[in-house]
């Protein structure tokens, strides 16, 4: 191993542990992602990295973890200048990263996921018992309540998060990068994670905390570095800033933190789900006899810990999955057997939770993505001859209305930041004036400016008598936007609330964790009343 990847540990708590100077990264399409960025992190601190999508945070962390090579700049770690040319080199230097989307094998145990690549052996065979013992000991040392012999597919999202962090600790990483670690956690799970992160900090670990949740950053972090448009906007002590200060630094203007949602009367039922059931490939009953109604001019929120059946339920409604039993009705008509195109003709739009796989064609242009559901729109030409001028005008108008940051409509979607990809998806789905919008995690992992825009757009759709089914793991979002609310746990509806204003975030968390639930009679009554 090269000398530069030998870890040293002379740095004291409070000294500069990581120093990135003049980091510049230009991508092949001419996009300047990082422009002479300076970034310093002290030993033993929890340091927030914030900025809008496209601000350059992800690129900076890719450079730090060896996924990208900078065009200019230097990295000094623990007092020594280093070259990080791959994630393997980063790990050897004591850097670990937990991505927003977990990298775990569901068919393996927690222990097997953690030790993979460094397995303890007994002779030539994997020593499973020793691996479980090692992982249980590691988890106990840092207060991570996991069972090493449990299959990953059977554990909660919070436990998956812990497993990813334990993978890093097992490899003796001293600098831990966490990318949106609370995106899918309940308030109770977030509190638990924060206590464990503080314990790691107390044990001398250094943590970079990437998040768009300003309140969490202010609760947890010691300092924050703000980026905007590829530049370093400053590093500040959290105690010197307000939430409004951070928002202004991130987006260059004041952001409305409180959602303004005027009263609006609900109309007739536009979407009805009747006793839906679905079993996954492991024969788990992931959608268990779900029934509810969505009205015109209503935002019906769906809350639940990830894996509670919301993904499968939304895909059944939108035609991506066939139910094992049950019916879906659109304005009284049974559409259970109709394909996706048929449902779109009725007036259904869908913001899928996975924008990169299902939400957009990544290799195609912004313009092509924006018109992809309008192939039979006579305003854009005939089936044989499309009107390129009208298509370009439409694309430019939507790009402007939804503040998509790009050089031109011809830019491939894959070159956009996550937030701008999401704006393209939302612009496409809401520009056709749908009667129903299935919005699954519409603001996950995007910045406060993009969140504000998407919230306004969903409320405007509601004002135009569109029915909105809002599926989100952001409890503030679901409580602030929803008129009515259903809570899922273990594939079942465990709570149906028609007066969301009376529901607190903490109480909602109890329902999501399965610690509290309504009776079947209460839920049936709520469904009947809504209908």
Legend entry - region 100-173 - percent relative contact order, Cα under 8 Å, separation 6 or more: 42
Legend entry - Euclidean distance between Cα centres, region 288-308 to region 477-531, Å: 9
Inset, instruction - Working from Cα positions, state the angle (0 to 90°, nearest 10) between the long axis of helix 418-430 and the longest principal axis of the chain. - result: 0
Inset, instruction - Compute log10 of I(q)/I(0) for region 100-173 with the Debye formula, placing one identical point scatterer on every Cα and leaving out solvent, at q = 0.22, 0.26, 0.28 Å⁻¹, to two decimals. - result: -0.94, -1.29, -1.47
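At 4 °C and a viscosity of 1.567 mPa s, what translational diffusion coefficient does Stokes-Einstein give for region 280-429, taking Rh as the Kirkwood radius over Cα pairs? Give it in µm²/s as a whole number.
74
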Legend entry - Ellipsoid equivalent to region 244-330 - semi-axes via the Cα gyration tensor, in Å: 34, 20, 9
Inset, instruction - Given the peptides 132-139, 422-429, 318-325, arrange them by the average over their residues of other C-beta atoms within 10 Å, most packed first. - result: 422-429, 132-139, 318-325
Inset, instruction - Report the antiparallel proportion of the DSSP beta bridges in the chain as a percent, rounded to a multiple of 5. - result: 55
Legend entry - Distance from region 122-170 to region 398-452 (C-alpha centre basis), Å: 38
Inset, instruction - Express in % the proportion of alpha carbon pairs of the chain at distances exceeding 45 Å. - result: 17
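Based only on other Cβ atoms within 10 Å, what is the fewest-to-most ordering of 233, 20?
Sorted ascending by nearby Cβ count, the order is 233, 20.
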Inset, instruction - Could you work out the relative contact order of the chain, using alpha carbon pairs under 8 angstrom and six or more residues apart, expressed as a whole percent? - result: 15
Inset, instruction - Per DSSP H run of at least 4 residues, take -39500 (n - 2.57); add these up for the chain, divide by its residues and hand me the 222 nm value, nearest 500 deg cm²/dmol. - result: -9500 deg cm²/dmol
Legend entry - With Cα atoms, 0 to 90° folded angle of helix 128-141 axis to the chain main axis: 90
Inset, instruction - Calculate how steeply helix 157-170 sits against the longest principal axis of the alpha-carbon atoms of the chain, using the helix alpha-carbon long axis, and give the answer as 0 to 90 degrees to the nearest 10. - result: 20
Inset, instruction - For a footprinting-style exposure proxy, rank 512, 61 by other Cβ within 10 Å, fewest first. - result: 61, 512
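For region 146-197, what is the convex hull volume of its Cα atoms per residue in Å³?
Given the Cα convex hull of region 146-197, per-residue volume reads 87 Å³.
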Legend entry - Quarter of the Cα convex hull surface for region 48-179, i.e. its orientation-mean projected area (nm²): 9.7
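Read the figures in this text as sums done on the coordinates, not as results from a lab. Remember, predicted model here, so these are calculated numbers, not experimental data. Reconstructed Cβ throughout: ideal geometry from the backbone, glycine too, with neighbour counts over all protein chains shown.
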